[in-house]
Amino acid sequence: MTAMLDRPDPIGADRPGTAPAMPERPASRFPQSQPRRRPWHRLSRSGLAWQQVRRAPATMCYLAAVWVAGLVTGSIAHGPPRWLSGHVGAGVPSLGHGYWWTPLSAGLWASGLGSYLAVTMLGLLILAPAEHRMGVSRTFTMLLACQAVGLMLATGLVKLAGLVREPWLSTLTGVTAASALPGLLGVGFALSCTLTPLWRRRLRLLLAVAVTISALYIGHLEQVAQACGALAGLVTGALTHGRARSWARLRASQHEIRVLAGVLVAVPALGGMLAALAAHADGPMSLFSFLSATPGPGPRALAAGCPHAGLALACRGLRERQLYAQWPGVAVRAAPALLLLLAADGLRRGRRVAWWLAVVINLTVLGAGLWAACAVGSGPGVHLAGNDAGARAMVLAGEAMLLPVVTLIMLLVTRRRFDQIAGRRAIRKLTATVATALGVTCGAFLLVGYLLRDHFSPRPQFGALAQDLPARFLAGRPSGNRFLPADLTGRLLYIWVFLLFWIVVLAALTAFFRHTHICCDADAADRARAILTRGGSTLSYMSTWPGNQYWLSPDGRAAIAYRAIAGVAVTVGGPYGDPAALEPAITGFARFCEHRSLQPCLYSVTGQARAVTQRLGWKSVQIAEDTLLPLASLHFTGKKWQDVRTALNKAAKEGITAQWWNYPQAPPELTGQIRQISQKWMADKGLPEMGFTLGGLDELNDPDIRCLIAVGADRKVHGITSWMPVYASGRPVGWTLDLMRRNTEPGTFRGVMEFLIATAALTFQQEGARFVSLSGAPLARLDRGEPPGALQRLLDMIATTMEPVYGFQSLLAFKAKFQPVYQPLYLTYPDPAALGSIATAIGRAYLPHLTPRQALRLLTKLRRPHPNHDPGQQRQRRSTRRAKTQWSPAT
């Protein structure tokens, strides 16, 4: 299909009718009734610190008192000295002597420098917001109550454990604890009762995981008191704030169940790493420290003669030795913990392979616990303090096995939630990689090790190598000292072979969980294109471009195109299809993303779609201005159309014509020049061509896209524009401008873009189209009298920073020549905490092949001012524009 407009008659100003004009009264970007606040990036550090002090004065005074007390008594490095801890620390000895004030006085000290830093951090992150939301009196009443109840309840549990001779807590009967963390954690759980459901669940989950890990793996009186204080804060907050929920409303979504299962699986890995950093780890779960890169029960337990000493002796072959103190050995010991974390991440994504991996690991841990209990209870060389050492060892092993049992039950109950299965090709690739790595590792250790057995001391036989092989994967020694490497060759076989195995396995699982695409319908693209003809927005035709995936409603009335990047489903515009199916399509797509463990993000949607997401509780921010040109009353008359009329008349005088072509059918002499113009444009910018919602030459190979080319009398191409159809009821009712390229060689027509856009608008008007969209101007917006939020102000600052490179405001100013009707486009999202992932996904969608060199060049251009960029003039230009009344393409 080709069409040509010969030289048009000169267009003057005497034609009747005028297009809707912009309001003449300028609008200030900042309303006069609201004084301008000092921007956050202009505040000095001292100003920010003073502002924080003014917002939470009581919190700052409390933290200052804690640090002053520590400095005066010399307690910053290692906690209160021995002469002081018995008078200010709470525990069975201090309360037994009648020191009733110790549960409260313990809140002015901490157990060491790390605890002081933790108190300061939690004070700023928890106590200060609680003071702002709950009030000073209620916050500090809660702090004192949780501090006292937590330490008294922990002391009571320790006393009770001593009476029944429980093997873990009974060892803490002679210990006192001085820490402010029980009260702070209690305030944190009380604060969660005042938050929205989303943030309430997140804060509680984060604090609960931290408290559980510290109690089960470190296991000191301070950690037990923290758990008790957190429980007291949760109960008190639910009662005082009336946030108790009925069981009928406690149903968790599928995403929440997956996250909970992943967190439960990650607890042993995180606990093992925390115990490895602690000086003395005496919690019940430290029995399984060989699976989490930690050396097991601390030397204080051995010296005290507690039941942990017997377990440590029984498992002495599993501890780290001097050989594993170097980084290769440490990496091998940490590999099981990293494997658990990978399994947890896979569970969060709903992967069935991750579910099986978590089940196998927890069964292994459970089997190791049973083996350790049997070895301690029946081993003739094991001696425990007390006459009933075997029974106490069995009790301790049972406590240690409680977490794997709970995890296995949780995984079995929720197994139907993990139904995401990758393609067969990806599964075969993962299986082949793991099997090859396992075979090569076993073969190298057994065969090569037997041939080079002289490099070990003492010299092992093949049976000894085979018996020691399982322990080498975990860097352990379950059967005592058999042999050790004697030189570098022996160390390569003893450690480095297994390090390479873990590197390959962990890399393969990471790629499988993060980069493997879920199986999708191969015919979805064809069905989505058929739905597109029923209706859509000005950006809906971009859904047909390569690289998109599709969600189709069950009834086939609506579809949504999206790209899954970094765990985020970024849509290409809003839903399209039957206009009445807009709201069901958005809710259905949200459920689809939750099932696939994706974060939904509706990108460049209209106000109608935004209203639907607001009813769902989503957040939104304006990211662009769509510029619509109604064609019913379009006439290029009046002073405001002077630039457009000048371009049309000048083109007629210079013999430049506008020719309609389908790009695949255009003559080679024209397409060759267009490719040269595009390549020169990209070379001048020095940056890669952006994609996603910005089309290039590749997207022109479509029979439904029309190209309007400005051609001179000498067949020279001066510029090109491409136009995408906007459908309604099976036919095009409007057209959207996509590609714009202008020849920048000397002697070319400078007003070619105005000429092409005006010519296209007149052509579409004659064909009966309702409107023309000049497409959205990204990161540019008009003042509609709404006070901008923090995120909106941040986007405005980013737009100002990137203006010298991409010219967002300049593009909007160019489109203002055609007196368009402005329609805001929004980004809507359900979870504000996912904004970082959303920004990453959108950036990768637009620049998927950005090289480090191009990124450095982009940063250099952002730092260098553009010669035509004047922020003062742009602010003045923005302040003189007002938004017109909303106009819908369907009207």
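Taking residue 171 as the residue in question, decide whether it is open to solvent by 40 Å² or more (accessible area, probe 1.4 Å), closer than 29 Å to residue 124 by Cα, part of a helix (DSSP H, G or I) and β-branched (Val, Ile, Thr). No.
For the subset of the stretch 527-560 comprising residues that are in a loop (DSSP other than H, G, I, E, B) and charged (D, E, K, R), which member is farthest from residue 691 (Cα to Cα)? Outline the logic, then answer.
Initially, the stretch 527-560 is screened for residues in a loop (DSSP other than H, G, I, E, B), giving 533-534, 536-539, 545-548, 553-557.
Remaining after also requiring charged (D, E, K, R): 534, 555, 557.
On the way: 534: 26, 555: 31, 557: 28 Å.
Per the stated criteria, the residue is 555.
For the stretch 158-168, the set of residues classified as in contact (Cβ under 8 Å) with a residue 12 or more places away in the chain, open to solvent by 20 Å² or more (accessible area, probe 1.4 Å) and out of contact with any Gly (no Cβ under 7 Å at 6 or more places or on another chain) consists of 159, 162, 165, 166, listed by residue number. What about residue 753, is it of a type in the set (A, V, I, L, M, F, W, C) and part of a helix (DSSP H, G or I)? Yes; evaluated as a whole, the condition is true for this residue. Quick one: in the stretch 522-535, which of the residues that are among the hydrophobic types (A, V, I, L, M, F, W, C) and open to solvent by 30 Å² or more (accessible area, probe 1.4 Å) is nearest to residue 607 (Cα to Cα)? Only one residue fits best here, namely 530.
Could you grab me the full set of residues in the stretch 397-410 that are buried (at least 21 other Cβ atoms within 10 Å of the Cβ) and at pLDDT 85 or above? Spell out the reasoning first.
From the stretch 397-410, those buried (at least 21 other Cβ atoms within 10 Å of the Cβ) are 397, 400-401, 403-404, 407; that's our starting set.
Matches in the stretch 397-410: 404, 407.
In the set (1) under 30 Å from residue 558 (Cβ atoms); (2) not in a strand (DSSP E or B), the condition left unmet by residue 788 is number (1).
A search for C-beta distances below 7 Å between a residue of the stretch 580-594 that is farther than 13 Å from residue 568 by Cβ and any residue that is in a helix (DSSP H, G or I) and hydroxyl-bearing (Ser, Thr, Tyr), counting only pairs 6+ apart in sequence or on different chains, returns 586/613.
Tell me, which residue of the stretch 677-714 that is acidic (Asp, Glu), within 23 Å of residue 735 (Cβ to Cβ) and part of a loop (DSSP other than H, G, I, E, B) is modelled with the highest pLDDT? If we take residues in the stretch 677-714 being acidic (Asp, Glu), within 23 Å of residue 735 (Cβ to Cβ) and part of a loop (DSSP other than H, G, I, E, B), then 704 is modelled with the highest pLDDT. Among residues that are within 17 Å of residue 748 (Cα to Cα), more than 45 Å from the chain's Cα centre (by Cα) and at pLDDT 90 or above, residue 657 is included.
Listed here are the residues, each with its yes/no results for (1) open to solvent by less than 80 Å² (accessible area, probe 1.4 Å); (2) farther than 29 Å from residue 356 by Cβ.
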{"position": "435", "(1), (2)": "yes, no"}
{"position": "440", "(1), (2)": "no, no"}
{"position": "449", "(1), (2)": "yes, yes"}
{"position": "455", "(1), (2)": "yes, yes"}
{"position": "465", "(1), (2)": "yes, yes"}
{"position": "472", "(1), (2)": "yes, no"}
{"position": "487", "(1), (2)": "yes, yes"}
{"position": "500", "(1), (2)": "no, no"}
{"position": "503", "(1), (2)": "no, no"}
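Can you tell me which residue in the stretch 714-732 is farthest from the chain's Cα centre (by Cα), limited to those that are within 19 Å of residue 668 (Cβ to Cβ) and open to solvent by 10 Å² or more (accessible area, probe 1.4 Å)? Step through it out loud before you land on a result.
Of all residues in the stretch 714-732, those within 19 Å of residue 668 (Cβ to Cβ) come to 714-720, 722.
Restricting the remaining residues to those that are open to solvent by 10 Å² or more (accessible area, probe 1.4 Å) gives 714-716, 718.
Values: 714: 55, 715: 52, 716: 50, 718: 45 Å.
Ranking the qualifying residues of the stretch 714-732, first place goes to 714.
For residue 569, the criteria (1) assigned to a helix (DSSP H, G or I); (2) surrounded by 23 or more Cβ atoms within 10 Å (Cβ to Cβ); (3) small (Gly, Ala, Ser) hold in every case but one, which is (1).
Looking at the stretch 490-511, is at least one residue among the hydroxyl-bearing types (Ser, Thr, Tyr), in a loop (DSSP other than H, G, I, E, B) and either over 18 Å from residue 442 (Cα atoms) or at pLDDT 85 or above (or both)?
So the first thing to find is which residues in the stretch 490-511 are among the hydroxyl-bearing types (Ser, Thr, Tyr), and the list is 494, 510.
Pick out the ones that are also in a loop (DSSP other than H, G, I, E, B) and you get none.
No, that holds for no residue.
For the stretch 140-157, the criterion of a residue being closer than 25 Å to residue 210 by Cα, open to solvent by less than 30 Å² (accessible area, probe 1.4 Å) and either acidic (Asp, Glu) or not in a helix (DSSP H, G or I) (or both) is satisfied by no position.
Among the listed residues 365, 360, 353, 376, which satisfies the condition of being surrounded by 15 or more Cβ atoms within 10 Å (Cβ to Cβ), in a helix (DSSP H, G or I) and at pLDDT 85 or above?
Details: 365 fails: at pLDDT 85 or above; 360 fails: surrounded by 15 or more Cβ atoms within 10 Å (Cβ to Cβ); 376 fails: at pLDDT 85 or above.
Answer to the check: 353.
Those helices (runs of 4 or more DSSP H) of the stretch 225-315 in which 1 or more residues are of a type in the set (Lys, Arg) and modelled with pLDDT of 85 or more occupy 254-277.
Looking only at residues in the stretch 595-613 that are in contact (Cβ under 8 Å) with a residue 12 or more places away in the chain and in a helix (DSSP H, G or I), the one that is nearest to the chain's Cα centre (by Cα) is 595. In the stretch 451-465, the residues that are within 15 Å of residue 492 (Cβ to Cβ) reach residues that are of a type in the set (Val, Ile, Thr) and modelled with pLDDT of 85 or more with C-beta atoms within less than 8 angstrom, at least six apart or across chains, in these pairs: 452/489; 455/489. When residue 740 is tested against (1) touching a residue at least 40 places away in the same chain (Cβ under 8 Å); (2) closer than 24 Å to residue 843 by Cα, just one condition goes unmet, and that condition is (1).
Among the listed residues 610, 596, 645, 615, which satisfies the condition of being touching a strand residue (DSSP E or B) at 6+ places or on another chain (Cβ under 6 Å) and either among the charged types (D, E, K, R) or open to solvent by less than 20 Å² (accessible area, probe 1.4 Å) (or both)? Walk me through how you get there before you give the answer.
Details: 596 fails: touching a strand residue (DSSP E or B) at 6+ places or on another chain (Cβ under 6 Å); 645 fails: touching a strand residue (DSSP E or B) at 6+ places or on another chain (Cβ under 6 Å); 615 fails: touching a strand residue (DSSP E or B) at 6+ places or on another chain (Cβ under 6 Å).
Checking each option against the conditions leaves just 610.
Residues of the stretch 411-433 that are surrounded by fewer than 16 Cβ atoms within 10 Å (Cβ to Cβ) and in a helix (DSSP H, G or I): 412, 413, 415, 416, 424, 425, 427, 428, 431, 432. Set side by side, the residues 125, 151 differ, and just one is of a type in the set (A, V, I, L, M) and in contact (Cβ under 8 Å) with a residue 24 or more places away in the chain, which is 151.
In the stretch 89-104, is there at least one residue being open to solvent by 10 Å² or more (accessible area, probe 1.4 Å) and more than 26 Å from residue 159 (Cβ to Cβ)? Lay out the reasoning, then the answer.
Initially, the stretch 89-104 is screened for residues open to solvent by 10 Å² or more (accessible area, probe 1.4 Å), giving 92-93, 95-101, 104.
From what's left, more than 26 Å from residue 159 (Cβ to Cβ): none.
No, the stretch 89-104 has no match at all.
Return the pairs, sorted by first residue and then second, in which the second residue is outside any helix (DSSP H, G or I) and among the polar types (S, T, N, Q), the first residue lies in the stretch 418-429 and is closer than 21 Å to residue 262 by Cα and at pLDDT below 80, the beta carbons are less than 6 Å apart, and the residues are 6+ apart or on different chains. Once the first residue is closer than 21 Å to residue 262 by Cα and at pLDDT below 80 and sits in the stretch 418-429, its partners that are outside any helix (DSSP H, G or I) and among the polar types (S, T, N, Q) give 422/516. Between 69, 110, the distinction of being in a loop (DSSP other than H, G, I, E, B), modelled with pLDDT of 90 or more and of a type in the set (Gly, Ala, Ser) belongs to 110 only.
Residue count for the stretch 536-583, restricted to those that are touching a His at 6+ places or on another chain (Cβ under 9 Å) and either β-branched (Val, Ile, Thr) or within 12 Å of residue 601 (Cα to Cα) (or both): 1.
Annotation note: of 697, 795, the sole residue that is more than 21 Å from residue 629 (Cα to Cα), touching a Ser or Thr at 6+ places or on another chain (Cβ under 7 Å), surrounded by fewer than 21 Cβ atoms within 10 Å (Cβ to Cβ) and in contact (Cβ under 8 Å) with a residue 40 or more places away in the chain is 697.
The values are calculated or read from the model by the stated rules, or taken from the named source; none is laboratory data. From a predicted model like this one, the values you see are computed outputs, not experimental measurements. Backbone-built Cβ (ideal geometry, glycine too); neighbour counts: all protein chains shown. Just so you know, the surface numbers come from the protein's heavy atoms only, side chains and all, with ligands and any DNA or RNA stripped out. Shrake-Rupley method; radii C 1.70, N 1.55, O 1.52, S 1.80 Å.
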